[in-house]
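What follows draws every value from the coordinates through simple rules; no lab data is involved. All values reported here derive from a predicted model rather than from experimental measurement. Every residue, glycine among them, receives a Cβ derived from its backbone with ideal geometry; neighbour counts consider all protein chains shown.
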Amino acid sequence: MIDITDVDLKYGDRTILKNLSLRLTEKRIGIVGSNGSGKSSFARLLNGLVLPDQGQVLVDGIDTAKNAKAVRRKVGFVFQNPDNQIVMPIVEEDLAFGLKNRGLSKAEQAVKIDAILKHYDLDEHRNHPAHLLSGGQKQLLAIAGVLVMQPSYVVMDEPTTLLDLRNTMRISRAIDALEQPVIIVTHDLDLLSDFDRVIAFDQGRILADDTPSAALKTYITAMTHA
Amino acid sequence: MHDLYRPGNSLFHRMHAGHKVLCLVFAGSTIFLVSNLITLIAALVMITFCYRLAGLSLSDAYQQLRPVVVVLLLILIVQGLIHSWTLGFTVIARFAFLLLAAGLLTLTTRVSDMITTIESNLHWLRPIGVNPGKVSLAISLTLRFIPVMRRVTTEVREAQKVRGLERNLPALAIPVITRMLKMSDDISDALDARGYDPH
């Protein structure tokens, strides 16, 4: 469970999030909002990449401001642009990066890497340079790089924005198959139709927090008349 | 180097990267002590045979020499005309051997193994404040982001071309640097998110 209590977030003089309180317990949660609404900052709050100026974010009782390292072990984060998330030159090496940081032995790393490469159909690309993968394969690798560390939660910041329809569907299926609770920031409203909960942001505040159909209706109405 | 590695399970692939580097240093030094052309040709045949042992083709071996064939021919001609043709062939045989040996190392060694070797051999620099982990990460990131930088540069150049701006270095450099700085922020976040601890 992720608890957000009375959170304020500012970048300089600019208020990004204002007096935000939420409890995230559902398995599939979608976050929508216009550009600059604070949704990506909200996602970064959840694994301690950004810390609140006021208030508290607790992940299974762990305060992101007090133990960000422990929180990051629990909350995997997938960035919008996989090119910025894949940090090693070769596919297999990139998957090993997070495991090495966790202190796993080479044998333990190999077992987990084998399994995740097979699961995401990337096995034949194991020794390929990451930059030669297609956009969809890169995003799958970015997701695999996070999931190989077996986080308790997965947060994704616009994982399909840079992808074509085929790859968007591929990523969508990968998300559907995840066992962990997933929190996704997206502009792709179709992606959220089967979700348990959708939260819409507008100017740093919650515009709607409901089932997908109700929340998206409020969001679309607000954006249409803005 | 980032896309030269050829996967395999040969003796050369299985050898420790550090041992391969030592072999390269030893062979590279020894070859300069050899001045007998027949011995040098034998060494060339042997290193080419090593390519086959490593499961690589003769074409792979030739690819290591191809970029410098013209330079080698020029050296041969200059040495041949100034000194003797035997000396010319001796000099280019040594260079060719070195290139083939270095190529064999690159083709059979993963970047990660090379970086691990560099990292483990830099521990003696810790007392003077050098963190080997940071050095190896810097090398990995450099290798990873060279193609990304190339792509960003191409994108910016194309965007400028369609707006009528042809060759203009400052106009190209400023947006590329700005994008790379933004990218470096994201990469830094990604390293944090994936549990990287520089200590």
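Give the residue from B:Gln79, B:Gly55, B:Thr116 lying farthest towards the positive end of the charge dipole for the range B:11-121; charges sit on Cβ (+1 for Lys and Arg, -1 for Asp and Glu) and the dipole is referred to the Cα centre. The Cα lying farthest towards the positive end belongs to B:Gly55. Across peptide B:139-145, the average count of Cβ atoms from other chains found within 10 Å of a residue's Cβ is 5.
Annotation for the range A:184-226 versus the range B:89-167: alpha-carbon center distance of 45 Å. Lysine pair count for the range A:39-116 with Cα-Cα distance under 23 Å and sequence separation of 8 or more or different chains is 11.
Both the radius of gyration and Dmax for the range B:11-121 are 15.1, 47 Å, in that order, over alpha-carbon atoms.
Only Lys, Arg, Asp and Glu carry charge here, each on its Cβ (+1 for the first two, -1 for the last two); on that basis the range B:131-193 has a dipole of about 300 debye about its Cα centre. Quick check: Cα centre of the range A:98-157 to Cα centre of the range A:33-82, how many Å? Taking the Cα centre of each part, the range A:98-157 and the range A:33-82 sit 22 Å apart.
Using only alpha carbon pairs under 8 Å that are at least six residues apart, calculate the relative contact order of chain B and give it in whole percent. Show your work: numbers first, answer last.
Details: 138 pairs, mean separation 45.8, N = 199.
Computed value for chain B: 23 percent relative contact order.
B:Val162 label point, 7 Å along Cα→Cβ, cut-off 14 Å on backbone N: hits in the range A:115-153? Hits in the range A:115-153 for B:Val162 at 14 Å: none.
Whole-Hz Karplus values for the range A:177-186 come out as 7, 5, 7, 6, x, 10, 10, 10, 8, 7 Hz, taken residue by residue from phi with 6.51 cos²θ - 1.76 cosθ + 1.60 and θ = phi - 60°; glycine and proline positions read x. For the segment A:31-44, counting C-beta atoms of other chains within 10 Å of every residue's C-beta and taking the mean gives 0. With each label modelled as a point 7 angstrom along the Cα→C-beta vector, the A:Glu179-B:Thr154 pair spans 4.1 nm. Residue order for A:Val87, A:Val78, fewest other beta carbons within 10 angstrom first, comes to A:Val87, A:Val78. With respect to chain B, whose longest principal axis is taken over its alpha-carbon atoms, helix B:37-53 is tilted by about 50°. Between A:Arg44, A:Arg166, A:Arg28, the residue with the greatest mean-square fluctuation in the GNM of chain A (Cα pairs under 10 Å linked by springs) is A:Arg166.
When only Cα pairs under 8 Å and 6 or more residues apart are kept, what is the percent relative contact order across chain A? The normalised contact order for chain A reaches 26 percent.
Averaged over peptide A:123-135, the number of partner chain Cβ atoms lying within 10 Å of each residue's Cβ comes to 3. Ranked by how many other Cβ atoms sit within 10 Å of their own Cβ, fewest first, the residues B:Phe12, B:Phe32 fall in the order B:Phe32, B:Phe12. Distance between the 7 Å Cα→Cβ label points at A:Asp190 and B:Ala171: 3.9 nm. Ordering A:Gly98, A:Ala115, A:Val146 by Cα displacement along the dipole of chain A toward the positive end leaves A:Gly98 in first place; charges were set at the Cβ atoms of Lys, Arg (+1) and Asp, Glu (-1).
The distance between label points at A:Asp114 and A:Lys27 comes to 2.9 nm (points 7 Å beyond Cα on the Cα→Cβ vector).
Largest mean-square fluctuation among B:Asn131, B:Asn168, B:Asn121, in a Gaussian network model of chain B whose springs join Cα atoms under 10 Å apart, belongs to B:Asn168.
State to the nearest 20 debye the size of the charge dipole of the protein assembly as shown about its Cα centre, where the only charges are +1 on K and R beta carbons and -1 on D and E beta carbons. Show your work: numbers first, answer last.
Numbers: 45 positive and 41 negative charges, 240 e Å.
The dipole magnitude comes to about 1160 debye.
Near the amide H of A:Asp53, within less than 5 Å, lie the amide hydrogens of A:Asp8, A:Leu9, A:Lys10, all on another chain or at least 5 residues away, with H placed in the peptide plane. Taking a ≥ b ≥ c as the square roots of the eigenvalues of the alpha carbon gyration tensor, chain B is oblate, as a/c is not under 1.5 and a/b does not beat b/c.
Amide H contacts for A:Met156 (H built 1.01 Å from N in the peptide plane; partners 5 or more residues away or on another chain; cut-off under 5 Å): A:Val78, A:Ile183, A:Ile184, A:Val185. With a ≥ b ≥ c the root eigenvalues of the C-alpha gyration tensor of the range B:97-199, is it rounded (a/c under 1.5), prolate (a/b larger than b/c) or oblate? Oblate, since a/c reaches 1.5 and b/c is not below a/b.
Over the protein assembly as shown, the ratio between the Cα radius of gyration and 2.2 N^0.38 Å evaluates to 1.22.
Sorted by packing (mean other beta-carbon atoms within 10 Å per residue), highest first, where do B:96-106, B:59-69 land? Don't skip to the end; give the middle numbers.
Working: B:96-106: 19.6, B:59-69: 14.8.
Taking the mean over residues of other Cβ atoms within 10 Å, the ranking is B:96-106, B:59-69.
Using Cβ contacts closer than 10 Å as the measure, can you line up B:Leu165, B:Leu122 from fewest to most?
B:Leu165, B:Leu122
Projecting the Cα atoms of B:Ala138, B:Leu181, B:Ala171 onto the charge dipole of the range B:131-193, computed from C-beta unit charges around the Cα centre, puts B:Ala171 farthest toward the positive end.
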